[in-house]
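Comments concern the structure below.
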Amino acid sequence: MKDDYLWDKTGQPDPEIQKLEEILGTLRYEPRPFVLPRRRNYFPLLAIAASILLAIIAGSIWLRVRSGDEVPPQDAKLESPTPKPLEAPQPPRTGSALNPPLHASNRIHKPRSAPSVVNDEEALAAKEQLMLALRITTEKLSMVHRKTQPNQIKNQHRIG
Amino acid sequence: MKLLSIALLLMLTPVLSAKAQDSRIQMSSLDHLAAKASQTVDVNLDERLMRLAARVFDDKDTDEREVKKLVAGLKGIYVKSFEFDTEGQYTPGDLETIRTQLRGPGWTRLVNVTSKKDGMVEVYLLFNGDAVNGLAVLHTDDKELTVVNIVGPVDLDKLAKLEGQLGVPDLGIEPQKKTKNDDEK
């Protein structure tokens, strides 16, 4: 018996070998296309999460920029929560809206919570600053008007 | 990735546009002058402080009511004023940092008055269409530098009405018509 069959499948095969071939043939390699297992598409969820994260970051940056522009908080004295006795009546108010008199008011201070008092003092400080700013603004505008007024007077004369 | 880019753009657009529409002038470049000045006024009132200040105005007082109405729509008032003992304490470069911003889109120089006695006063308005969305006043003298910036819809009528109530004489300022100064641009 020649052994060529074992090498190149030529010649007379041995029946035992043929039998073995049949048995082991079921385990023969069969080429199949490679298929990836299906995965869930997480991209939309990731995009939404990233958008929310970006919104939070952008919001915090914006708030930080805004708070950086603000005036640093001013020190405010806390009033005593105990009621004050009535003081002597004050003279009638003579200051204008933008030049408020600096005397204390004669109303009774009711006990208030600390944040409210701080807020009130901050509001009063802000009001003073506002008045000062408006005073400077109108002063400068008045200066402009004073310089441009002669033309108007000439015009009025012409009309008159 | 495209979706992410669009989302990023949508997120940042309001932030950027809000910043672009802001008529606030950055004056921090003038802060160094405080050390040289004999007197400094620095007012920084943002929208929150304006609202807070408006709360303590007395509605029964006519003058205060007028002021309250004026500042109701404003988003901020910022003033920096320096008075010096000697001349030449600020440089043209200091002024240029402010003027550069006032040459930006929307800003129009309404008035420019120069005199030997009072120096130079420039009044700028920020127009958004026909509406006035900001005011800036720049006053320069040999010994003084003042910058005023009002952010928000300025009502010149109401501002003019305040004259005489702010410790300055009533000079009868009337709101001026928009006269765009072409020399400025």
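Here, each number is a calculation from the coordinates, and none is a lab measurement. Treat the numbers as computed from the prediction; the structure is a model and nothing was measured. Here Cβ is always computed from backbone atoms with ideal geometry, including for glycine, and neighbour counts include all displayed protein chains.
Pull out the extension gain between B:ASN112 and B:GLN26, defined as 0.36 nm times the separation in residues minus the alpha carbon to alpha carbon distance; nm, one decimal.
Computed gain between B:ASN112 and B:GLN26 is 28.9 nm.
Once the convex hull of the C-alpha atoms of the stretch B:37-162 is built, how many Å³ does it hold per residue, rounded to a whole number?
Expressed per residue, the convex hull around the Cα atoms of the stretch B:37-162 is 126 Å³.
For B:ILE98, A:ILE48, B:ILE77, what's the fewest-to-most ordering of other Cβ within 10 Å of each Cβ?
Taking fewest neighbouring Cβ atoms as first place, the list is A:ILE48, B:ILE98, B:ILE77.
Can you compute the FRET efficiency between A:LEU45 and A:GLN18 using 1/(1 + (r/R0)^6), with r the Cβ-Cβ distance and R0 = 56 Å? Round to the nearest 0.05.
Efficiency for this residue pair is about 0.45.
For B:GLU87 and B:LYS60, what is the calculated FRET efficiency with R₀ set at 41 Å and r taken between the beta-carbons, to the nearest 0.05?
About 0.30, to the nearest 0.05.
Once you average over the residues of A:52-64, how many Cβ atoms of partner chains fall within 10 Å of each Cβ?
Numbers: counts 2, 2, 7, 6, 1, 2, 7, 3, 0, 2, 6, 0, 0.
Across the residues of A:52-64, the mean count of other-chain Cβ atoms within 10 Å is 3.
Across 10 Å bins from the origin, how do the percents of Cα pairs in the stretch B:93-150 run, short distances first?
23, 54, 20, 4
In peptide B:104-117, how many Cβ atoms from other protein chains are near each Cβ within 10 Å, on average? Can you show the working numbers first?
Details: counts 0, 0, 0, 0, 0, 0, 1, 5, 1, 6, 1, 3, 0, 2.
If you average over the peptide's residues, the count of other-chain Cβ atoms is 1.
With contacts defined as alpha carbon pairs under 8 Å and 6 or more residues apart, what's the relative contact order of the stretch B:28-115 in percent?
Relative contact order of the stretch B:28-115: 39 percent.
Which peptide among A:16-29, B:80-93, B:115-128 comes first, and what is the full order, when sorted by highest mean count of other Cβ atoms within 10 Å?
By packing density, highest mean first, the sequence is B:115-128, B:80-93, A:16-29.
Can you give the average number of partner chain beta-carbon atoms within 10 Å of each beta-carbon in peptide B:62-72, as a whole number?
On the way: counts 1, 6, 6, 1, 2, 6, 2, 0, 2, 4, 0.
If you average over the peptide's residues, the count of other-chain Cβ atoms is 3.
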